[in-house]
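The values are calculated or read from the model by the stated rules, or taken from the named source; none is laboratory data. Bear in mind the structure is a predicted one, so any value in this text is a computation, not a measurement. Cβ placement follows ideal geometry from the backbone for every residue including glycine, while neighbour counts extend to all protein chains displayed.
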Amino acid sequence: MKVLLHVCCAPCSTFPIRRLRELGCDVTGLWYNPNIHPFQEHEARRACFRRYAESIRLPVLWWPRYEMPAFMRRVSGHEADRCADCYRMRLTAAADVAEAKGFEAISTTLLISPHQKHEEIREIGTQIAAERGLKFYYEDFRSGWAERGRAVKELNLYRQQYCGCLYSEYERYCGDELAVSQLEII
């Protein structure tokens with residue numbers, strides 16, 4: 001099966017790529033992450049993934065633009081539910097590319113993270129893929145989380161400290177969920 005794998009970062013790609021290849025899939029990566037903020041973070045993750053992909057001879061399709069403003073417009077006003085919009089943006093891009101380039105299925109490295117909403121990803125991915133006559137390959141890659149951690153150390157991969165968006169960075173460093181309703185107006 002020809003699979004277009006949306007990739008969020010090098011560390012999270014290690015296990016899913018190996019697993020899909022073990023299953024006999026012809027895997028190509030897709031770099032499209034409009035949520036990652038700031039730009040320097042986006043570029044650090046992209047550069048690390050480029051080096052890793054080259055080292056394992058993974059073909060990659062690179063999205064030509066940094067589209068963080070589109071992500072911010074999409075989630076503005078409903079930040080607490082931003083993940084579904086983020087999944088939808090990235091999986092729609094993957095499905096569009098897969099359809100145009102002749103892939104049979106799409107998947108995402110987001111499925112390795114214990115911090116992501118798997119059922120939501122699965123539902124959105126299945127719907128988007130079906131609309132284009134594609135399959136959404138779902139596997140709970142979380143079983144490879146420890147292997148991911150070892151790969152980060154062994155391969156000296158850049159490991160980010162938050163999901164990527166401004167809101168997840170806030171939650172990571174401030175220790176709580178973004179409480180828009182608690183903002184004070186001065």
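Working carefully through the options Glu169, Glu154, Glu120, find the one that is over 18 Å from Ile17 (Cα atoms), out of contact with any helix residue (DSSP H, G or I) (no Cβ under 8 Å at 6 or more places or on another chain) and either of a type in the set (D, E, K, R) or surrounded by 16 or more Cβ atoms within 10 Å (Cβ to Cβ) (or both). Can you show your working first?
Details: Glu154 fails: over 18 Å from Ile17 (Cα atoms); Glu120 fails: out of contact with any helix residue (DSSP H, G or I) (no Cβ under 8 Å at 6 or more places or on another chain).
The unique qualifying residue is Glu169.
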List every residue pair whose Cβ atoms sit under 7 Å apart, with the two residues 6 or more apart in sequence or on different chains, where the first one lies in segment 34-51 and is in contact (Cβ under 8 Å) with a residue 24 or more places away in the chain and the second, anywhere, is of a type in the set (Lys, Arg) and surrounded by 21 or more Cβ atoms within 10 Å (Cβ to Cβ). Ile36/Arg45
Among the residues of segment 1-29, write down those that are within 17 Å of the chain's Cα centre (by Cα), assigned to a strand (DSSP E or B) and more than 11 Å from Ala53 (Cβ to Cβ). Val3, Leu4, His6
Residues (surrounded by fewer than 17 Cβ atoms within 10 Å (Cβ to Cβ) and either touching a helix residue (DSSP H, G or I) at 6+ places or on another chain (Cβ under 9 Å) or free of Cβ contacts under 8 Å to residues at least 40 places away in the same chain (or both)) located in segment 89-113: Asp96, Glu99, Ala100, Glu104
What are the pairs with Cβ atoms under 8 angstrom where one residue, in segment 151-170, is modelled with pLDDT under 95 and the other, located anywhere, is of a type in the set (Phe, Trp, Tyr) and assigned to a loop (DSSP other than H, G, I, E, B)? Sequence gap at least six, or different chains. Ser168/Tyr162; Glu169/Tyr162
Could you run through segment 127-142 and say how many residues are more than 17 Å from the chain's Cα centre (by Cα) and loosely packed, with under 12 Cβ neighbours inside 10 Å? 2
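How about segment 19-31: which of its residues are touching a residue at least 24 places away in the same chain (Cβ under 8 Å) and either surrounded by 22 or more Cβ atoms within 10 Å (Cβ to Cβ) or more than 19 Å from Pro69 (Cα to Cα) (or both)? Break it down stepwise before answering.
Going residue by residue through segment 19-31, those that are touching a residue at least 24 places away in the same chain (Cβ under 8 Å) are 19-20, 25-31.
Within segment 19-31, Arg19, Leu20, Cys25, Asp26, Val27, Thr28, Gly29, Leu30 meet the criteria.
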Could you please find all residues in segment 78-115 being acidic (Asp, Glu) and over 13 Å from the mean Cα position of the chain (by Cα)? Glu79, Asp81, Asp96, Glu99, Glu104
Being assigned to a helix (DSSP H, G or I) and touching a strand residue (DSSP E or B) at 6+ places or on another chain (Cβ under 9 Å) is the filter here, so list the residues in segment 108-136 that pass it. Thr109, Leu110, Ile121, Arg122, Ile124, Gly125, Thr126, Gln127, Ile128, Ala129, Ala130
Has segment 2-12 got at least one residue that is touching a residue at least 24 places away in the same chain (Cβ under 8 Å), under 25 Å from Ala151 (Cα atoms), among the aliphatic types (A, V, I, L, M) and in contact with an Asp or Glu (Cβ under 8 Å, 6 or more places away or on another chain)? yes
